[in-house]
Amino acid sequence: MNDIFFPAGFLWGTATSSHQVEGGNQNNDWWEWEQSPRHIRDGLPAAAACGWWEGKAEQDLTYAAELGQNAHRLSLEWSRLEPMPGVYDKAAFARYRKLLELMHKLKLTAMVTVYHFTLPLWATKMGGWTNPALVGQFRQFTHECAKQLGDLVPLWCTINEPAVLAYLAYAGTVWPPGHGSIPQGFCALRQLLLAHAAAYHALHQVCGKAQVGLVLNMPWLEPARPASILDTAVTKAQDWLLTGVILHALKSGWLMPPLTFFPCHTPSVYRSFDFLGLNYYGRYAVRFDLKAVSLMFGNHVQEPSVRTESSDWGQIAPRGIYHQLLRLSRLDVPLYVTENGVYDNTDTVRPKYLLDHIAAVHRAMSAGADVRGYFHWSLLDNFEWAQGWSTPFGLIQLNPQTQERKLKASGELYSRICKANGIINNSLDKLSIFQ
Ligand code: IFM
């Protein structure tokens, strides 16, 4: 690989989310869900997580800055900030202000996600995202966040991965509320898009200068047998449901089936983004299968690859991030890689994954994508939803029992990349993993 450099001012960061790192969140739907061990693969709940709420965030963010990162993406916990409808918790807002002030001092540009998967229990009782009234509640909540924290946040993400949430939690049964109803999945996705648009406008009402975007998880889907018309058709159908329908709504303002019965023009959604965030993990090979009803008749088939334990995040394929960035660049706004990473118990796959994906981001930029930053998922091992603690994604290893931290080889590698603002090959030779 040749040396590669990124433009001055490029953001190098890591991403986290409130419930996954804070600990002690007992007023949200995930806490309730975790009370049943069969919901979590290893039976272990978030519990104290990474201890961020109790003070460990300061230590980890300071370390991130020392490692050369110049940005961090975190999320706000709605159930803490608005524990009851219309009642805001001053102390919780003060805690986030303290963190954001520290980030400012550390020269970590703040990217803040308003909503990353967890709902306050009161919102769950309303029916969660299938209740249209939640859109208004979310707009008011976002407005309050903008008022209280807006002076410290240049980059806002409204909602993280709306399609993933809608399909796993409402169409599927693996995340709360686990409705297992495909129509409810489409309904939830429609509401989430409307909530995104409402939040976009609320943020701009308060913080004129803020840049506001939506974060999409966009795996790279390819027909398992490229010559098969059926594999190609189901691949396109899955891509439409995960990504296409959302991009279409953002570009044109039209909500299309299956989000609505008939196409419906929704002016609030039209171009409600100043940037787009791409979460990219891997590739899926899609094969037509009449039995795969819940996957729109397209099974994800495992082809020989380094990933053998689980295919939950797809096969490792850096070219996918390249293609998805170029696809997003057609919407003509700045782009951020808001998440990219791999779970890896031994940290043997991650170093190469990191290098190959960053190089692919660079190739996409050379081909015209206006990428402004890269946020690795994640700074440190954390609670991975239905997988519990069994799939560590961090650059820093965490023992959740003792709260001990240890930098992984991939963390050291990422630090070199951040400090060099690119990949300088002879500096990598000095790393023990490459000797
Ligand atoms: O941990 C999650 C994160 O919350 C959302 N994007 C994918 C990550 C890895 O699964």
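Using Stokes-Einstein with the Kirkwood hydrodynamic radius over Cα pairs, what translational diffusion coefficient do you get for segment 170-317 at 20 °C and a viscosity of 1.002 mPa s, in µm²/s rounded to a whole number?
After rounding, the answer is 127 µm²/s.
Can you give the FRET efficiency for Lys291 and His248, using 1/(1 + (r/R0)^6), R0 = 35 Å, r = Cβ-Cβ distance, to the nearest 0.05?
The computed FRET efficiency comes out at 0.75.
Write down the percent of antiparallel bridges among all DSSP beta bridges whose residues are both part of the chain, to the nearest 5.
Of the beta bridges lying entirely in the chain, close to 30 percent run antiparallel.
In Å³ and rounded to a whole number, note down the convex hull volume per residue for the Cα atoms of segment 42-104.
115 Å³
From the gyration tensor of the Cα coordinates in segment 75-142, what semi-axes in whole Å does the equivalent ellipsoid have, largest first, with each one equal to sqrt(5λ)?
In descending order, the three semi-axes are 26, 13, 9 Å.
Under a straight-distance cross-link criterion of Cα-Cα below 17 Å, which lysines are reachable from Lys107, leaving out those fewer than 8 residues away in the same chain?
The reachable lysines, counting only those whose Cα sits under 17 Å from Lys107, are Lys98, Lys419.
Just subtract the alpha-carbon distance of His201 and Cys264 from 0.36 nm times their residue separation and send over the number in nm, one decimal.
Taking 0.36 nm per residue and subtracting the Cα distance, the gain is 20.7 nm.
Could you grab the Rg to Rh ratio for segment 335-420? Cα atoms only, Kirkwood for Rh.
In segment 335-420, Rg relative to Rh is 1.01.
Give, in nm to one decimal, the length gained when the segment between Thr402 and Ile424 is fully stretched (0.36 nm per residue of separation minus the Cα-Cα distance).
4.3 nm
From the helices alone, meaning DSSP H stretches of at least four residues, give me the mean residue ellipticity at 222 nm for the chain, per-run term -39500 (n - 2.57), in deg cm²/dmol to the nearest 500.
Helices in the chain give a 222 nm mean residue ellipticity of -10500 deg cm²/dmol.
So how far, in whole Å, is the C-alpha centre of segment 160-174 from the one of segment 244-284?
Cα centroid to Cα centroid, the span is 16 Å.
From the cross-link list Lys105/Lys147; Lys209/Lys352; Lys56/Lys90, which pairs have alpha carbons spaced over 28 Å apart?
In this structure, Lys209/Lys352 exceed 28 Å between Cα atoms.
Can you compute the radius of gyration and Dmax for the chain, using only the Cα atoms, both in Å?
20.4, 60
Would you please give the residues with an amide H less than 5 Å from that of Ala71, counting only those at least 5 places away or on a separate chain, with H modeled from the backbone geometry?
Here Trp12, Thr14, Thr109 satisfy the definition.
Just to be sure I understand the model, the point goes 7 Å from the Cα along the line to the Cβ. What's the resulting Glu412 to Lys98 distance in nm?
3.4 nm
Can you give the Rg/Rh ratio of segment 145-190, where Rg is from the C-alpha atoms and Rh is the Kirkwood radius?
Across segment 145-190, the Cα-based Rg/Rh ratio is 1.23.
Tell me, how many Å apart are the Cα centres for segment 314-335 and for segment 1-55?
Using only Cα atoms, the two centres lie 24 Å from each other.
Ranked highest first by the average count of other Cβ atoms within 10 Å around their residues, in what order do 182-190, 360-368 fall?
182-190, 360-368
For segment 191-270, what number results from the quotient of the Cα radius of gyration and 2.2 N^0.38 Å?
Expressed relative to 2.2 N^0.38 Å, the Cα Rg reads 1.35.
Read-outs: derived from the displayed coordinates by stated rules, not from any lab. Model, not experiment: these values are computed from the prediction. We place every Cβ from the backbone using ideal geometry, glycine too, and count neighbours over all the protein chains shown.
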